[in-house]
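Asks: Questions regarding the structure given below will be posed in turn.
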Amino acid sequence: MNEWWNTLENEAQVLLLVAAVSLIGLLFFYLFFFLRIALHKNSEPTLSGLPPLSVVICARNEAENIIDFLPKVLAQDYPDFEVIVVNDASWDGTDDELAELDKTHDHLRVVTIEEHIKHRPGKKFPLTLGIKKAKNEHLVFTDADCYPASERWLQHIAAEFAEGHEIVIAPGPYATGKGFLNALIRFEGLQTGTLFLSLALAGIPYMGVGRNLAYRKSAYNRVGGFKKHYHIMSGDDDLFVQAAATVKNTGVCTHLDALVFSPTADSWKTWWNQKMRHYSTSSHYKWGFKILLGLYPLFILSFFVAAISLLVYEKTQHIALAGIGVKLIAQLAIFRLVFSAQNDRWIWLFSPILELVLLINQIVVALVGMFSKQSRWK
């Protein structure tokens with residue numbers, strides 16, 4: 001072995017070390033973190049002992065989504081809950097659709113922000129208003145353009161409260177559609193969900209998604225709500241979780257009935273704007289989370305650069321191919337389990353290609369994000 005190693009060029013030796021470290025790092029993420037989601041099981045809830053809930057939804061020009069999705073929230077099989085919709089100065093008929101639903105649903109409450117009321121762009125002011133209007137201690141959040149997977153969504157979320165948790169994070173995958181853009185956005189959502197859910201299960205809660213998040217009002221008040229990051233347009237979910245979540249007070253709900261789906265962006269421009277908004281938030285993460293989350297894409301990039309470069313050298317071609325094979329087999333096996341746990345049963349087949357496309361896009365977004373600012377959430 002030593003003789004073979006000494007026959008290699010210095011560049012090949014360095015590339016072998018980089019490839020080996022990167023592959024070990026990826027396998028660590030796959031087996032130590034990601035696999036936790038496939039193994040995690042939530043118990044079936046019972047209606048007895050579940051707390052009253054206040055569901056808070058912010059809506060800005062969401063008339064069509066109010067028609068399509070809000071009835072699914074209002075129809076939840078839950079003994080005691082209210083739905084608060086904060087209409088943020090909409091002008092597309094959202095108020096009319098809410099008024100019609102209000103006639104037939106006693107547990108719907110509409111809070112309207114008039115157009116003349118000026119506030120900082122973003123969801124934080126509407127959310128703060130909705131939280132203040134909520135009559136219950138236990139709050140559940142989703143978006144107007146989302147819909148729960150079943151009528152038992154609230155039951156599963158509340159079951160985590162019943163177990164003593166103050167914060168509940170749950171998956172918010174994107175709905176299956178047609179085309180490459182849909183596949184790419186779904187993959188990104190699944191990968192993001194895999195990261196934040198698995199790290200939370202490992203005792204490192206760092207974010208949730210606002211379309212499927214819940215917490216107690218006391219936890220919100222304890223950290224001063226969104227005051228620490230109110231100047232940032234987004235971050236009402238991930239930055240809040242970083243401020244309030246601990247190992248003991250955070251529950252993870254991955255039951256398939258507790259998923260909340262969101263349609264994907266219908267154009268590359270819309271998706272790009274979403275990515276830019278998310279990047280503007282992630283730049284405010286704590287350094288520990290930045291380093292941990294940065295390791296995963298770094299391992300992907302460094303492994304493929306090193307492995308492909310090793311194919312140039314005749315003496316390392318077989319090792320490079322073996323490493324690529326191990327990486328792909330492990331990735332496909334783990335992603336199949338983890339993505340199925342988030343109710344997407346076939347996108348894992350294309351994950352190696354989508355992973356590289358997404359990685360390139362993330363690099364571009366990061367570079368562009370250094371020189372741009374976001375001004376509105378809708």
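The values are calculated or read from the model by the stated rules, or taken from the named source; none is laboratory data. The structure presented is a predicted model; accordingly, all values stated were derived computationally and were not measured. Ideal geometry is used to build each Cβ from the backbone, glycine not excepted, and the neighbour counts take in all protein chains shown.
Asks: On the basis of being of a type in the set (F, W, Y), crowded, with 18+ Cβ neighbours inside 10 Å and part of a helix (DSSP H, G or I), does F350 make the cut?
Replies: Criteria not met by F350.
Asks: Moving on to the next point. In region 219-246, what count of residues is obtained for those that are part of a helix (DSSP H, G or I) and either modelled with pLDDT under 95 or crowded, with 19+ Cβ neighbours inside 10 Å (or both)?
Replies: Here the count works out to 12.
Asks: Further, regarding this structure: Six or more apart or on different chains, Cβ atoms under 7 Å: show the pairs whose first residue is in region 58-73 and part of a helix (DSSP H, G or I) and whose second is charged (D, E, K, R).
Replies: Pairs that qualify, where the first residue is part of a helix (DSSP H, G or I) and the partner is charged (D, E, K, R), are A63/D92; A63/E97; N65/D145; I66/E97; I67/E97.
Asks: Suppose the filter is small (G, A, S), surrounded by 22 or more Cβ atoms within 10 Å (Cβ to Cβ), touching a Ser or Thr at 6+ places or on another chain (Cβ under 6 Å) and farther than 21 Å from F335 by Cβ; does G208 pass it?
Replies: no
Asks: Exactly one condition in (1) part of a helix (DSSP H, G or I); (2) under 27 Å from the mean Cα position of the chain (by Cα); (3) touching a residue at least 24 places away in the same chain (Cβ under 8 Å) is not met by N87; state its number.
Replies: (1)
Asks: Within region 150-182, take every residue that is over 16 Å from the mean Cα position of the chain (by Cα) and small (G, A, S) and give me the one that is nearest to P126 (Cα to Cα).
Replies: A158
Asks: While we're here: For region 250-281, what are the residues that are touching a Phe, Trp or Tyr at 6+ places or on another chain (Cβ under 9 Å) and within 18 Å of I360 (Cα to Cα)?
Replies: R277
Asks: Can you tell me which residue among T264, T254 is crowded, with 20+ Cβ neighbours inside 10 Å, at pLDDT 95 or above and in the same structural domain as Q191 (by TED's automatic domain parsing)?
Replies: Selected residue: T254, the only one of T264, T254 that is crowded, with 20+ Cβ neighbours inside 10 Å, at pLDDT 95 or above and in the same structural domain as Q191 (by TED's automatic domain parsing).
Rundown of residues vs (1) within 17 Å of L190 (Cα to Cα); (2) out of contact with any His (no Cβ under 8 Å at 6 or more places or on another chain); (3) β-branched (V, I, T); (4) at pLDDT 95 or above, yes/no style:
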site: V326; (1), (2), (3), (4): no, yes, yes, yes
site: A333; (1), (2), (3), (4): yes, yes, no, yes
site: F339; (1), (2), (3), (4): yes, yes, no, yes
site: L358; (1), (2), (3), (4): yes, yes, no, no
site: Q362; (1), (2), (3), (4): yes, yes, no, no
site: M370; (1), (2), (3), (4): no, yes, no, no
site: S375; (1), (2), (3), (4): no, yes, no, no
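Asks: Are any of the residues in region 190-202 within 24 Å of F335 (Cα to Cα) and part of a strand (DSSP E or B)?
Replies: Within region 190-202, none of the residues are within 24 Å of F335 (Cα to Cα) and part of a strand (DSSP E or B).
Asks: Please work out if T254 is part of a helix (DSSP H, G or I) and farther than 23 Å from P352 by Cβ.
Replies: Against the criterion (part of a helix (DSSP H, G or I) and farther than 23 Å from P352 by Cβ), T254 does not qualify.
Asks: Shifting gears a bit: Checking the conditions here, which among H284, H278 is part of a helix (DSSP H, G or I), touching a residue at least 12 places away in the same chain (Cβ under 8 Å), under 24 Å from G210 (Cα atoms) and not hydroxyl-bearing (S, T, Y)?
Replies: Sole residue among the options that is part of a helix (DSSP H, G or I), touching a residue at least 12 places away in the same chain (Cβ under 8 Å), under 24 Å from G210 (Cα atoms) and not hydroxyl-bearing (S, T, Y): H278.
Asks: Okay, moving on. Could you please give the count of residues in region 78-106 that are in contact with a helix residue (DSSP H, G or I) (Cβ under 7 Å, 6 or more places away or on another chain) and closer than 17 Å to V55 by Cα?
Replies: So the count comes out to 11.
Asks: Here are the criteria: (1) more than 17 Å from V260 (Cα to Cα); (2) of a type outside the set (A, V, I, L, M, F, W, C); (3) assigned to a loop (DSSP other than H, G, I, E, B). Tell me which single one D102 does not satisfy.
Replies: The single condition D102 does not satisfy is (3).
Asks: Suppose the filter is in a strand (DSSP E or B), within 19 Å of the chain's Cα centre (by Cα) and either free of Cβ contacts under 8 Å to residues at least 40 places away in the same chain or not assigned by TED's automatic domain parsing to the domain that holds I353 (or both); does A214 pass it?
Replies: yes
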